[in-house]
Amino acid sequence: MPESLPFDEHDIEQLLTASIDQILEHQDPERFLAWARQSFPKALRLDLGDVLPEDQSRVVQVFATTIWNATPLPANGFRPLPLPKPERNAPCPCGSGRKYKLCCAQLPPLPSFSADDLWAALCERLSDPQLEQAIASRAVPAAQLAEVGQRWLNEDRPRRVLDLLEPLFSSHPEQLDARFGLALDVLLDAYDGLGFSRKKEELLERIIQEGSRPLRATAWQRRCTMSMDERDFTAAQAAFTEAMRHAPDDVETALLELLLLGTQQKEDAIPERARFWQHKFVRLGYEPDEPVMEILNQAIRDPQGALITSLSGSDDHVLLRLRDWVNGLAAREIPTLALRPVPRRARRSKRGKARTQSPVPLAPLGAESPPETPTLPAAVAGLPAKLEVGDELGRLQTQWHEVFPLAKPFSVQLFPFGSEDPWDDDEWVDLLLAQPQSADSLDILDDVAMALAMHPRTGLPWLESSLVYPLLERARRILDALVPADVPQVLPWDIPENRPGLRLLVRLYLYHDAREEPLAAMSVMERLLALDPEDNHGVRPDLMNLYIECHENRKALDLAERYTDDRLFPELGYGRALVLYRLGERVPAADVLAQARRQLPEVPRYLIPKRVKKPKLSGLDILPTGEDRAWHYREAMREVWAAEPGALDWLKTLTA
């Protein structure tokens, strides 16, 4: 018999799982031991080593008995029912015929288990009624309840999580050790799922005031992530400092710092901090192949990749593969696409009056006569056109729509109807990587941008800066090459082929707007209105407000002139009046204000008072009420009006 046995940790884990399945099926020790004699030698690879057959039987007997003795049994109130230990001089239960003291008692050390070790696997295999019985009998270890809560949370049963975990923290949280940190996180997630923000905040505050040191660290870590979500980085940094103070050697604290740096777009600082944590964990005895050490190594080499790997959840491998595709965008040349002119026709303008557009020649500039099927490689001034792709790219787009799980959004929506999740299957990422020319298609770029916007971690700056922005910027460059900025080319929204490019510009504008980059957002909105003067996505009110905030007075007046009878958005009429007032043109300003009041009379009532009761909003995006629009205008622009000396008093005088 060798002094040590060739046990592999992964083999033991799989064997434990299979053993629990067998035990739960019959709850009979003899049947389990009989199964073990057949299954254990191969599962433990005993038959591949230098362990003799009779020694294999001894190992199996002792190992299987150890597992049986530690397994909580539903038939025994979810407590183990261990077999009696043989007397030293009794016949050995392995069947060798020798005394126990001369047989199995002489084996080298084997892995040992307790009931706590087996509850994690057991909880996953118990039916709901059995699990409820186990919890009611108080047999489930308190720290293991977090695993049960996570299971129920994944099954969208947050109220059951509350019933399960709230009692853990109802009294004496100072007595709970670090094992209860996961339970606290799961309970907080359940509060989020139910919208119980007050209960969540009360629990966090109580743990911070009364909890044990490890639980306080968990609470501060949660406060840090909450502040990051709100982009309050001052509060996030303060919360991280407290988490660091309470748990300076905690793996979660280390990963949280990397996330905090990435969220603040301080990725250059990540490698240095990763080295700091790496050296600390080496001193604490962590092995190089432990997950946190591998993440820190990656953070030193590739900060963005480390953030994706460690913090993106179950979809991280898909994001990493998608990032490989996105990283190739910069080196790929901008494709030469084509525009096909379309006949001008009578269109109904935003002002409600039909305007008839005169026909223009369909030939490219300089051509003597129009071709039979005109296709323009570049823009033609003033000519409405639709985007066209060649046969090869067209076939690729057809193939793409066969594997991409989402339909195009309806109308000007940014997301499709339905509950399909594009991250459930990564077949579409396979196609992207296999077909690099997919990056030349605005249609495909549009779908990928939509999928990224639906990712569970969407909104994190490091994810959007490394994946979303390069994609949107490539789309902008394709459109700029297709339609030069100095040519008044029109891409009508009502032509389906034009919609992906226009929608990508909308996403690019929203990207810059979310990052408070007004000049970049302004540039994209101007481009969008030049290509789609009908303004189907309704960006003109945001652009008007931005012009006024940036004191781009002439641009604001020019924009208002383009939509002089806008009855939908107060930003144009009231904004134009404010600009004229700012420029000292009080008479024209009063005339414009009078017209704006006739169109949207509710605005002054909400704009003038310093405090006003919020109306009950209709919640309609397409046809909001006048009060809806007035309230939203107040929220967006009252500070700007108040900052203009005398503007609100002037408005009050003219509207009294």
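For this structure, a couple of remarks:
- Restricted to Cα atoms, region 41-183 shows a radius of gyration and a Dmax of 19.9, 57 angstrom.
- Mean-position separation - Cα centroids, region 269-308 and region 482-504, in angstrom: 46
- The residues neighbouring Cys92, those whose beta-carbon lies less than 9 Å from its own, together hold a net charge of +4 under the Lys/Arg +1, Asp/Glu -1 convention.
- Cα-based shape type of region 412-456, given that a ≥ b ≥ c are square roots of the gyration tensor eigenvalues and the cut on a/c is 1.5: oblate
- The sum of -39500 (n - 2.57) across all DSSP H runs of n ≥ 4, divided by the residue count of the chain, sets its helix-only mean residue ellipticity at 222 nm to -17500 deg cm²/dmol.
- Kirkwood Rh and Cα Rg combined as Rg over Rh, evaluated for region 512-566: 0.94
- Using the alpha-carbon positions of the chain, Rg (one decimal) and Dmax (whole number) come out as 33.5, 114 Å.
- Cα-centre dipole for region 376-466 with unit charges at Cβ (Lys and Arg positive, Asp and Glu negative), debye to 20: 440
- Within the chain, longest stretch clear of exposed GluC sites (Glu not before Pro) (DSSP loop, no more than 11 other Cβ within 10 Å): 373-515
- Listed residue pairs exceeding 32 Å between alpha carbons, taken from Lys200/Lys652; Lys266/Lys408; Lys42/Lys101; Lys199/Lys616: Lys200/Lys652; Lys266/Lys408
- Accessible surface, per residue, of the chain when the full set of protein chains is kept, probe 1.4 Å, Å²: 50
- Orientation-averaged projected area, Cα convex hull of region 126-272 (nm²): 9.5
- Estimated translational D of region 1-120 in µm²/s (Stokes, Kirkwood radius over Cα pairs; 20 °C; 1.002 mPa s): 145
- Under a model in which nothing but the beta-carbon of Lys, Arg (+1) and Asp, Glu (-1) is charged, the chain shows a dipole of about 2420 debye around its Cα centre.
- Top positive-direction residue, dipole computed over the chain with Cβ charges, set Gln264, Ala34, Ala178: Gln264
- Inter-site label distance for Gln413 and Leu433 at 7 Å from Cα along Cβ, in nm: 3.2
- Accessible area (Å², 1.4 Å probe, nearest 10) - Arg567: 140
- Dipole of the chain computed with +1 at Lys/Arg Cβ and -1 at Asp/Glu Cβ about the Cα centre; of Met293, Phe415, Leu472, farthest Cα towards the positive end is Phe415.
- Shown for the chain: the carbon plus sulfur share of the solvent-accessible area, taken with all protein chains present and a 1.4 angstrom probe, equals 50%.
- Kirkwood hydrodynamic radius of region 518-656, from inverse mean 1/r over distinct Cα pairs, in Å: 15.2
- Peptides 604-613, 429-438, ordered by how many other C-beta atoms sit within 10 Å of their residues on average, highest first, read 429-438, 604-613.
- Per-selection Kirkwood Rh - region 185-302 (Cα, Å, 1 d.p.): 15.1
- Proximal charge balance of Cys104 [Cβ under 15 Å; K/R count +1, D/E count -1]: +4
- Cα→Cβ-extended label distance, 7 Å offset, between Asp565 and Arg31, nm: 8.4
- Taking all pairs of distinct alpha-carbon atoms in region 561-640, Kirkwood radius in angstrom: 13.0
The values are calculated or read from the model by the stated rules, or taken from the named source; none is laboratory data. All values reported here derive from a predicted model rather than from experimental measurement. In this analysis, Cβ positions are derived from the backbone assuming ideal geometry, glycine residues included, and neighbour counts consider all displayed protein chains. The area values use the complete protein model at the heavy-atom level, side chains included, leaving out ligands, DNA and RNA. Shrake-Rupley method; radii C 1.70, N 1.55, O 1.52, S 1.80 Å.
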